Every structure is written in C-alpha cells, then in structure tokens.
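Take a look at the structure below.
Every number in this text was worked out from the coordinates using simple rules, so none of it is lab data. Since the model is a prediction, treat every value here as computed from it, not as a measurement. Virtual Cβ from ideal backbone geometry, glycine too; neighbours counted across all protein chains shown.
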C-alpha cells in the first residue's frame, strides 16, 4: 500500500520534461562545432595539396598563389638532393621496421609469457623510451655516439630509428598478446607439436595482424621522424630534414607534391589494413 | 633498451665534462654546469613549459567536445569521423608546420587576403609571435589528444549514463558526475602525451616563431648540433628530462593514479 502510494506521487520523468522546452537550434551546436574543428584540422592538408599545384616563380614557392600548374608533378624527381633524401628516408624506414619487428616480436613474447627478474625494469624502460621527449632521446643518442667516436650518418640514423621503433613494436604487440589464448599453444604442444612448430603454426598466425599493425606504425614513425634524426644525422639528410633545411632558402613545390603522395599512400595503406583486419573477425586494431 | 638507458647515462657523463670541440673534452665532474645552464636559459625553460602547457590545455578544451560527439553521437559514422580527425597523422610532421607558415604568412592565404580588402593594416602579422608558435603546437596536438579521449569516452558503459538519468540527474549532472569522471583516464593520457611532446618540441618555434619565441628544444639542438657545446647541451637535456619526470610524478599524484603505465 505504501509502495503504491509512493508511486502515484512520482513526478514525471525529468528527462522528457527537459527535452521539451529545449530550443531547437541548440541541437546543432555540438555537431556544428565538431564539423568546424574537423575542417580546421584538414586545412593544412588542403594547403599542402593546393600548393603542390602552385605556379611558383624561380622554382621556389612563395606564400602567394600564382596560378595552377601540374609542372611539379611532371618534374617530381628533378631536384637530385631532395630525391636522395627521400630515398634515404625510405631505406631507413624499411630497414628499421624490419629490424625492429624482428627484435621486438621475441621481446614482446618474452615479456608477456614469462615472469623473470628485471621484468618490471624492462617494462618501465620501454615506456620511458616512448614517453621521453624526442629532444632528450636525440641528445642522449648523439652524446653516446660522440663518446664512442662513431661517424654520424646513415648507420647512426638507422640505429636511432631501430631503438625507438622497438619500443613501439613491443608495446603494440604486448597489448595484442594479452588477448592471446595460451591454452591454444598448450593444446598444440599436447598434440605433439614441438615449441618451434607450435610457434609457427599457432602463435604466429594468431599474432600476425598485431605484427602487421606494429610494423606499419614503425614504418610511419620512422619516415616521419624529424627531431631525433636531426641530432644523429651528421651530413646525411632524410626527407623531413631536407624540407626543414630548405625553409630558409625557399621551398621547392616538389616538397609539397612528395608530401601529398606520401599522404595518399599512407591513407590508402591504412584503409587497406582496416579492410584486411575486418575480414578476420578475431583481429581488431 | 640498450640504446635508451646507456645513452642517457652517457650524457650525464658528457654533461660533467669540460673542454671544447677542438681540444677535446675531459671528465672533470663539473656539477656546477647544472645551475649555470639553468640560470642562463631560464627564460627558455619557462617559455617551453608555458607554450607546452597552453597548447595542451587548448587542445584538450577543443578536442573534448569533438571526441564526445563522435563517441556518443557518431552512430555508424564513428570510424569515418575518427579517421578524419586522425588524418593529419598521415602528413609529414615538418610539412604540417610548414603549411601553417603558408597560411599565416604576411602575404599568405589568410592575412594576404584580409590585407587586400583592407580589413587589416599592412603592418599586422602573426608569424614570429608566441601566438603562432602556440597555434602550431596546438594543431599538432589535436589528433594525439583526440585518440585517448575518444577511446576513454567510447569505453564508458552507456548503462551508467542511463542509470543516472533514471535517478533524476539532469543532463548537466550526468555529464559532470558520470561522463567526465569516467573519461578521466583519457584526459590523463592525452594531456601527458601532448604535454611531453610539446614542451620538448622545437620545430614549431623554429618555423613559425621568431627570435623571442625560442624554446628549450631549440637551445639544446643549437648547442649540440651547431655549436658542439656537448656539456651544456647534455646538461640542458637532463634538466628537461628531470623536470618532466617530476612534473609527471606530481601530475600522477594529483590525478590520484596509482601507475602511469595503466594509461600509456
């Protein structure tokens, strides 16, 4: 009886009450604002693509718009230093990705499967490597190379890139390995597979999407790295370093063309990776 | 691992050396280099934390509503919207900043047009000002901020929000007392990620800034690579690292988190 009485005195649900007097235009504030912010983040990308088509006098871009041309796409590799720098970037990105993945996969497996002394230290160091500001990482690597009297160049850039890429590969893979069902590996071994066969037939196929994601991330980080590379490069230039160096003398339009092409390639690869992973329902990004 | 810890120890040793690049350096345990370097470059240190902090706060305030909108109202367009927010990741870092130089330049797209129609005086400029540097840093931070915020907001159990509504919480209360506290891990991770990157950045200041916007990253880079003054540069890098570690520790304490690792 008491319960029933209380129910009859219940006021109307406030949710419905508040939505009624809400003015209509306020509904559009959040979507409108979000659309504006997203548009804003896209502006520099538009500028990059646009200025790749700018008719620049004397082969250097001015801030002003001088008319449309596809000349720079036709003469993309005309500046030999810039092309060399781009090739360096691609070489270092490919090599550092391969090495970091090859070293990072066993490290991640060890860190996630076994408990050993120094485990916590290893975890902390990897996180610190990711969290430390690039200037500090770059400066300390340079101090290290200078102390050892190593000649700076492609090899020191490669070592630096492998160093920061390993940390990212391990972190990405560790997250994936946490979801791995260990009993599958035990089952394989119970059925007579030796550890080697069990790894290649069970563990590897299961973590392959993770390895792929980690490798793509490593490649992207490497090709884009500026700050760490700027410390350990010596006389060798990568694409971002060449671009930075040419800011003071004037940017040739080819820089924006290459930037556009790298952007499009990256977007296509990302879309392809998402599509591939959607097909395998067990794997998620 | 080897290439992170060992170099860090090495620069501690380098910082304690004296000498110059011609005659070589010798280890003299010159500890006074730390207060000296700090004293000499105090302005740049303060400026770095100011610019880095401002850009982090602005990025958080700008991106939180957007991440909220995508996570709660995005519907089936969620992934596409998130992808759009993350698109700047696919543009080379230096080119991203360079684009802003083209946009903000005195005779560039925006200011040039505004001056042509006499909305702005010819002497007006944005480049070389602190505002330009902070704008560059903030822009760079937007996707880094959006990602952890989105993940945290997306993971919130909608049942909690509905429960709050059933218990007569107004929309404002639902946001302030349910959604905001539950998204704290995302705020924590985003702020940490962006603040560390931006405080140590020197590209934005170098391309968009002027002589009065030099940040500590610029000094470290100059001293190390151009002047080859290894001890001072090493000392500055170590002070920066230490300051950030102390900052992170205090920040973790203030946010009441047990371990930073939970969110990285």
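Full extension of the chain between residue A:87 and residue A:102 gives 3.1 nm of extra length, using 0.36 nm per residue less the Cα-Cα distance. The Rg/Rh ratio for region A:127-285, using Cα coordinates for both the radius of gyration and the Kirkwood hydrodynamic radius, is 1.08.
Put simply, when B:37-47, B:137-147 are sorted by average Cβ atoms within 10 angstrom per residue, most first, you get B:137-147, B:37-47. With R₀ set to 60 Å, the beta-carbon distance separating residue B:34 from residue B:166 gives a calculated FRET efficiency near 0.55. When all alpha-carbon pairs of region B:2-262 are counted, what percent fall beyond 25 Å? So the pairs more than 25 Å apart make up 57 percent of the total in region B:2-262.
Can you bin chain A into rounded, prolate or oblate? Criterion: square roots of the alpha carbon gyration tensor eigenvalues sorted a ≥ b ≥ c, rounded for a/c under 1.5, prolate for a/b above b/c, oblate for the rest. Note, shape of chain A comes out oblate. Across all directions, the shadow cast by the convex hull of the protein assembly as shown built on its C-alpha atoms averages 34.4 square nanometres. Considering only A:214, A:167, A:193, the Gaussian network model of chain A with Cα springs below 10 Å gives its largest mean-square fluctuation to A:193. Put the Cα centre of region B:232-247 next to the Cα centre of region A:163-201 and the gap is 38 Å. Highest mobility in the GNM of chain A, judged by mean-square fluctuation with C-alpha springs under 10 Å and restricted to A:71, A:182, A:91, is found for A:182. Simple spin-label estimate for residue B:176 and residue B:120 gives 3.9 nm between the two label positions (7 Å along the Cα-to-Cβ direction from each Cα).
Relative to one another, the C-alpha centroids of region A:207-244 and region B:74-122 are positioned 24 Å apart. Remark: spin-label model distance residue A:116-residue A:187 equals 2.8 nm, labels positioned 7 Å along the Cα→Cβ axis.
Contact order, relative form, for region B:2-262: 28 percent (alpha carbon pairs under 8 Å, 6 or more residues apart, mean separation divided by residue count).
If the chain linking residue A:50 and residue A:75 were pulled fully straight, counting 0.36 nm for each residue of separation and taking away their Cα-Cα distance, it would gain 7.3 nm. GNM on chain A, alpha-carbon springs under 10 angstrom: the most fluctuating residue among A:179, A:81, A:225 is A:179.
Here the calculated FRET efficiency for residue B:158 and residue B:113, from their Cβ-Cβ distance with R0 = 56 Å, stands at 0.75, rounded to the nearest 0.05.
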